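Participant: Quick one: this structure, given as structure tokens, is what I'll be asking you about.
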Amino acid sequence: MPVNSDETIDGLRPMTEDTAHGSWRALLRGANFARSVVLAGGAAIHALSIRVVVTVLPAAVAEIGGLRFFAWTMTVAMVSAIWGAVSAAPLAASHGLRNAYHIALSVFVVGSIICAAAPSMAVFLAGRMLQGLGGGLLTALAYATISRVFPANLHTRAIAMLSGVWGVASLSGPMVGGILAGWGLWRWAFWIDVPLAAAVGAVAQRTIVARTGGEAGSPSTSSPIAFGRLALIGGSVLAVAISGVSGRALASGLGIVVATLLLLVMMRVDASGARRFGRRRLLPTGGLDPRSPLGAVSLVMALIGGCTMAAVYVPYVVIQVDMHAPIAGGYLSAVIPLSWTAAALATASVGSAWAALFILSGPVLVTLGLILTGWALTTDSLAFIAVALVPVGAGIGAAWAYLGTLLVEFAAANERDVAAAFISTTNLLSQAFGAAFAGMIANIAGFGDPTLGSAGVVRAVFWLFLTMSLFPAAALPIALRVIGLSTRYRARAEARS
């Protein structure tokens, strides 16, 4: 049924009366249910694909070759996902949310079809790049949709629902991929994306109303300028990715320095373009400046999220050193996302009155979990390792939705979409840098030294987890500052009203 433009809110159908109450029922009832399907479905396609692809990659490489480019199947997807994440807000403003979703789904599907039909690794990598671009757009658009469509009292629950999507994907993705790979049907891991994307696109077509023109009060963008900024971000992620697999501490450190410098240059170019030429920003004002409220929030998110990349070493120790079955390593790798999901859903149901406690619990639990995991890996106890990993995911899940809500709250009025998309960008950037730091620390500790044997591997991973625990520990005083800023911000808002 057509909807007149004067009956829409931010280009979407108006809210129902149920949204006056910030409950799960309000989020999943009436018109809000369809909106939730769109944002959760888009994120689910990307999340499920990541887990499925990791599982079927060995079978794909065995058929099309290109083993030496094995790691790059994830690297190119990560780089393009960040491009997609920072491009989501400009795309939604210039083409409207509905068209933005259709573009993102189309890009992702084209990438999936290329991967499914790939005769060689070069073609497969091209498909993975498009998958990453479309997936980054879909995830960031989900956060932008939350900030536009739902009232403020539903934002925390909506963000927690997205966390739940990743948890479900972590549990089901390896199973789906394992079945398809076992049947020799790894290409169907990519073909199944087509009907899934078509279903989400159909719901988006019915739910999201088309818009003409950009967002009111938001600046324009320029393709050459935007391309230059995207190139700087891509160069930064590539530099940190290369540093993470170099195997040498000096080269890893140099790569991280280069990556940081490129990111700083991008920030200067982004800010200068917005200030001097009125160009649309790819990152919100102060988003990477720890002195600003937005920068403080994003830094906490980065410090507690990036350190989880140490967990990629857990399956290796369990399978290769402790000689447990591969399935044990697979299920242990799912503990963090599953506990993240459980904590996100549980804390979102409690209410914002406990927001400060949940934000503080994030750094504390993640720090404790990393220390316990390092210790547990020295004991060869699968149960202990699993229990130790739980606080890591639970700490992030408890804090993430509330930090994401603050990120949008602190943003300027005409940068809310950019700030919402920045939640996804922060997560991707922190994972890229976290993986590089984890690789550098592990190699310094002797992980790659064959002369040290199995005991040396376990000792290196123990020191890796102990060192990585310093990052969430450093986030604790910043989290205290964030809570203080939030209290003052809301007090001023109440005074003005």
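Participant: Any residue at all in the range 64-77 that's within 13 Å of Thr139 (Cβ to Cβ), out of contact with any Asp or Glu (no Cβ under 7 Å at 6 or more places or on another chain) and either outside any loop (DSSP other than H, G, I, E, B) or polar (S, T, N, Q) (or both)?
Facilitator: yes
Participant: Answer yes or no: is there a residue in the range 457-468 that is in a helix (DSSP H, G or I) and modelled with pLDDT under 85.
Facilitator: yes
Participant: Given (1) under 22 Å from Gly167 (Cα atoms); (2) surrounded by 17 or more Cβ atoms within 10 Å (Cβ to Cβ), where does Asp322 come up short, assuming only one miss?
Facilitator: (1)
Participant: So if I check each of Ile82, Ile113, Ile103, which one is in a helix (DSSP H, G or I), surrounded by fewer than 21 Cβ atoms within 10 Å (Cβ to Cβ) and in contact (Cβ under 8 Å) with a residue 40 or more places away in the chain?
Facilitator: Among Ile82, Ile113, Ile103, only Ile113 is in a helix (DSSP H, G or I), surrounded by fewer than 21 Cβ atoms within 10 Å (Cβ to Cβ) and in contact (Cβ under 8 Å) with a residue 40 or more places away in the chain.
Participant: If the requirement is being among the aliphatic types (A, V, I, L, M), touching a Ser or Thr at 6+ places or on another chain (Cβ under 8 Å) and more than 22 Å from Leu338 (Cβ to Cβ), which of these qualifies: Ala126, Ala158, Ala140?
Facilitator: Within the list Ala126, Ala158, Ala140, the selection yields Ala140.
Participant: So how many residues does the range 154-210 have that are in contact (Cβ under 8 Å) with a residue 24 or more places away in the chain, within 19 Å of Gly111 (Cβ to Cβ) and in a loop (DSSP other than H, G, I, E, B)?
Facilitator: Residues that pass the stated criteria total 2.
Participant: Only one of Ser87, Ser94 is among the hydroxyl-bearing types (Ser, Thr, Tyr), assigned to a helix (DSSP H, G or I), more than 17 Å from Val53 (Cβ to Cβ) and over 19 Å from the mean Cα position of the chain (by Cα). Can you tell me which?
Facilitator: Every option except Ser94 fails the conditions.
Participant: Give the residues of the range 284-294 that are at pLDDT below 80 and touching a Leu at 6+ places or on another chain (Cβ under 6 Å), sorted by residue number.
Facilitator: Gly287, the sole residue that qualifies.
Participant: What pairs come out if I take residues in the range 369-386 that are within 15 Å of Cys307 (Cβ to Cβ) and pair them with residues that are of a type in the set (Ser, Thr, Tyr) whose C-beta lies under 6 Å away, six or more apart or interchain?
Facilitator: Close Cβ pairs satisfying both conditions: Leu370/Ser469; Ile371/Ser469.
Participant: In a loop (DSSP other than H, G, I, E, B), of a type in the set (Lys, Arg) and modelled with pLDDT under 80, is that true of Arg281?
Facilitator: yes
Participant: Among the listed residues Ala118, Ala169, identify the single one that is buried (at least 24 other Cβ atoms within 10 Å of the Cβ) and either assigned by TED's automatic domain parsing to the domain that holds Val37 or over 20 Å from Ala334 (Cα atoms) (or both).
Facilitator: Answer to the selection: Ala169.
Participant: Would you mind telling me which numbered condition in (1) part of a helix (DSSP H, G or I); (2) farther than 19 Å from Ile359 by Cβ; (3) aromatic (Phe, Trp, Tyr) Phe447 fails?
Facilitator: It is condition (1) that Phe447 fails.
The values are calculated or read from the model by the stated rules, or taken from the named source; none is laboratory data. The shown structure was predicted, so the numbers you read here are calculated from the model rather than taken from an experiment. With ideal geometry, Cβ positions are generated from the backbone for all residues, glycine too; neighbour counts draw on all protein chains shown.
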